[in-house]
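Written below as structure tokens is the structure these notes are about.
The values are calculated or read from the model by the stated rules, or taken from the named source; none is laboratory data. These numbers come from a predicted model, not from an experiment. All Cβ positions, glycine included, derive from the backbone under ideal geometry; neighbour counts span all protein chains shown. Quick note on the areas: whole protein, heavy atoms, side chains included, nothing else; ligands and nucleic acids left out. Shrake-Rupley method; radii C 1.70, N 1.55, O 1.52, S 1.80 Å.
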Amino acid sequence: MTHPASTSTPSIAALAVAIGLTIGVGSPAARADEAASADSSLEATLSSLRQAGLDDEVAYDLVRSLTVEVGSRFAGSAGDRRAVAWATQKMEELGLENVRTEPVVVPRWIRGEAEAEILTPHPQKLILTALGGSIGTSEAGISAPILHVPSLDALEAIADEEVRGKIVFFDQSMSRQRDGSGYGQTVGIRSRGPSRAAAKGAIAVLIRSVGTGTHRFPHTGGTRYAEEVAKIPAAALAVPDADLLAAQFDYGKPVQVRLRLTSRDAGEAMSANVIGEVIGRERPDEIVLLAAHLDSWDLGTGAIDDGAGCATMMRVAQMLRELPQAPRRTVRVVLFANEEFGLSGARAYAEAHADDIEKHVIGIESDFGAGRIWRFRTAIDPSALSQTEVLRTALEPLDVEWGGNEARGGADLSPLRRASMPVADLSQDGTLYFDYHHTDDDTLDKIEPAALSQNVASYALFAYWAAETEADFGRVTPPAR
Ligand SMILES: [Zn+2]
């Protein structure tokens with residue numbers, strides 16, 4: 001469609017402001033009227049976007065299309081390439097502007113097969129999956145005694161000779177929280193556990209899945225081998241299987257397990273960040289960044305992680321594109337490549353845009369499923385906080401509360417955040433998110449359409465406000481890590 005903004009006639013006052021001639025335009029009262037009418041038109045647009053978001057069915061159709069027509073899309077896989085083509089075509093169909101891809105080199109890793117069984121005291125099969133990046137075992141597998149430890153700290157307190165030659169089993173439970181904070185408290189066993197155990201002489205690692213599900217779905221996720229330590233195979237047990245393995249210790253006998261993984265690295269592959277825009281009518285070079293990640297783990301169909309985020313951001317941009325006039329600033333949707341296995345797309349984007357990072361006035365990411373949004377936070381210059389009030393008021397009917405100026409931003413925003421880009425968070429209710437996260441069970445049926453629509457409404461309000469407001473969000477020093 002053509003864009004009406006290019007043909008609309010700006011008001012005299014707006015035109016005067018645009019060309020820097022504010023002197024002599026109307027009386028102070030007229031200028032106050034102009035400001036009041038700008039406020040009421042902002043409020044009216046927010047109100048209509050909120051209703052359109054709540055009525056929306058397009059985002060659900062998009063995530064259904066992605067999960068049905070593409071499915072899993074792990075970095076560098078055939079599904080990843082199909083996803084890039086899918087997103088490019090959909091953005092074109094939605095009428096976004098400047099639709100393009102930017103190349104990203106991604107590491108390629110093959111999961112292979114995972115098998116494990118308890119050998120003693122009570123032989124049983126275990127359900128598990130490799131941690132992302134794990135090396136494989138030998139073809140025959142590894143048979144070894146299990147060292148049962150409740151945490152990384154507990155392992156550090158054990159003498160190396162007790163660890164040497166064993167399979168370390170990190171048995172730490174994740175708590176269920178609306179804000180997902182249980183994840184950060186537990187994920188260290190997955191990301192750092194294997195190298196911590198290897199440094200003390202362990203030959204493999206099993207972890208209790210970092211998740212809250214009670215079904216027999218193991219939760220994968222990336223592990224990070226430390227440079228100076230031997231790489232050892234590492235896998236996650238489904239939660240009931242972690243319970244089963246832990247219960248073997250009740251008998252006072254040695255617990256032995258056989259583990260076989262055929263995971264392997266497979267070099268590098270090409271992927272891409274997929275980008276589409278709504279070009280700003282007054283400040284096209286200023287960018288409001290809407291982020292999600294296009295890749296998924298290889299297990300499920302990536303509905304909640306992060307098909308929902310992709311669909312939300314694409315639909316929100318389309319809603320802004322269809323307004324009678326575009327907002328002042330450019331709204332740019334970036335669907336990042338390979339968030340899950342090393343943030344390749346986020347790093348490539350920050351490098352490719354190093355010269356105009358300061359033009360990214362604020363960023364937000366949806367990467368926490370499709371639960372209802374319950375909180376809005378920012379990390380902007382405090383002088384701009386009063387300007388958030390119109391948005392906070394607009395979010396109230398959606399039951400979104402204000403959470404202060406300590407937003408963290410999503411993982412894909414972290415390189416831009418290090419370059420001082422302001423960020424905001426619209427926090428989804430994560431109570432159920434970690435039942436499905438990084439499992440075979442991350443599928444479309446886990447998305448509640450009404451909750452997804454509430455997401456669309458919330459992000460649409462944020463995106464329009466951030467692109468339309470005159471507020472200067474400044475540059476924000478990221479928190480020390
Ligand atoms: Zn994600």
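Please determine whether any residue of the stretch 288-310 is under 25 Å from E468 (Cα atoms) and open to solvent by 10 Å² or more (accessible area, probe 1.4 Å).
The answer is no; no qualifying residue exists.
Residue by residue, here is whether (1) in a helix (DSSP H, G or I); (2) at pLDDT below 95; (3) more than 30 Å from L398 (Cα to Cα) holds:
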{"site": "V63", "(1), (2), (3)": "yes, no, no"}
{"site": "A75", "(1), (2), (3)": "no, no, yes"}
{"site": "G79", "(1), (2), (3)": "yes, no, yes"}
{"site": "A83", "(1), (2), (3)": "yes, no, yes"}
{"site": "V99", "(1), (2), (3)": "no, no, yes"}
{"site": "K125", "(1), (2), (3)": "no, no, yes"}
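Out of all the residues in the stretch 208-229, is one or more crowded, with 22+ Cβ neighbours inside 10 Å, more than 25 Å from E339 (Cβ to Cβ) and at pLDDT 95 or above?
no
Any idea which residue in the stretch 38-94 is farthest from E339 (Cα to Cα), counting only those that are surrounded by 20 or more Cβ atoms within 10 Å (Cβ to Cβ) and touching a strand residue (DSSP E or B) at 6+ places or on another chain (Cβ under 7 Å)?
M91
Counting just the residues of the stretch 402-435 that are charged (D, E, K, R) and assigned to a loop (DSSP other than H, G, I, E, B), which one comes out most open to solvent (accessible area, probe 1.4 Å)?
Looking only at the stretch 402-435, we keep the residues that are charged (D, E, K, R), and these are 406, 408, 412, 417-418, 425, 429, 435.
Filter again for assigned to a loop (DSSP other than H, G, I, E, B), leaving 406, 408, 429.
On the way: E406: 143, R408: 172, D429: 58 Å².
Applying the filter and picking the extreme gives R408.
Within the stretch 459-478, how many residues turn out to be modelled with pLDDT of 95 or more and either of a type outside the set (A, V, I, L, M, F, W, C) or in contact with a Lys or Arg (Cβ under 9 Å, 6 or more places away or on another chain) (or both)?
12
A198 - would you say it is assigned to a helix (DSSP H, G or I) and open to solvent by less than 50 Å² (accessible area, probe 1.4 Å)?
Here the answer is yes, as A198 does meet what is asked.
Return a yes/no flag: does the stretch 123-143 have any residue that is basic (K, R) and over 30 Å from A317 (Cα atoms). Walk me through it before giving the result.
Our first condition is that a residue be basic (K, R); within the stretch 123-143, this holds for 125.
Next, from what is left, pick out any that are over 30 Å from A317 (Cα atoms): 125.
Scanning the stretch 123-143 turns up at least one residue that is basic (K, R) and over 30 Å from A317 (Cα atoms).
Restricting to the stretch 448-467, count the residues that are open to solvent by 10 Å² or more (accessible area, probe 1.4 Å) and out of contact with any Leu (no Cβ under 8 Å at 6 or more places or on another chain).
Summing the residues that are open to solvent by 10 Å² or more (accessible area, probe 1.4 Å) and out of contact with any Leu (no Cβ under 8 Å at 6 or more places or on another chain) in the stretch 448-467 gives 3.
Residue-by-condition table, conditions (1) closer than 30 Å to F217 by Cα; (2) more than 16 Å from the ligand (Cβ to nearest atom); (3) more than 16 Å from the chain's Cα centre (by Cα); (4) open to solvent by less than 20 Å² (accessible area, probe 1.4 Å):
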site: S383; (1), (2), (3), (4): no, yes, yes, no
site: A394; (1), (2), (3), (4): no, yes, yes, yes
site: V400; (1), (2), (3), (4): no, yes, yes, yes
site: H437; (1), (2), (3), (4): yes, no, no, yes
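Quick one: how many residues across the stretch 413-435 are over 17 Å from V476 (Cβ atoms) and either of a type in the set (K, R) or within 14 Å of the ligand (Cβ to nearest atom) (or both)?
Count: 4.
Among the residues that make up the stretch 319-339, is at least one of them within 14 Å of the ligand (Cβ to nearest atom) and under 25 Å from F217 (Cβ atoms)?
Checking the stretch 319-339: at least one residue is within 14 Å of the ligand (Cβ to nearest atom) and under 25 Å from F217 (Cβ atoms).
Only residues that are within 15 Å of the ligand (Cβ to nearest atom), over 19 Å from K90 (Cα atoms) and of a type in the set (A, V, I, L, M): list them for the stretch 269-303, please.
Passing the criteria: only L299.
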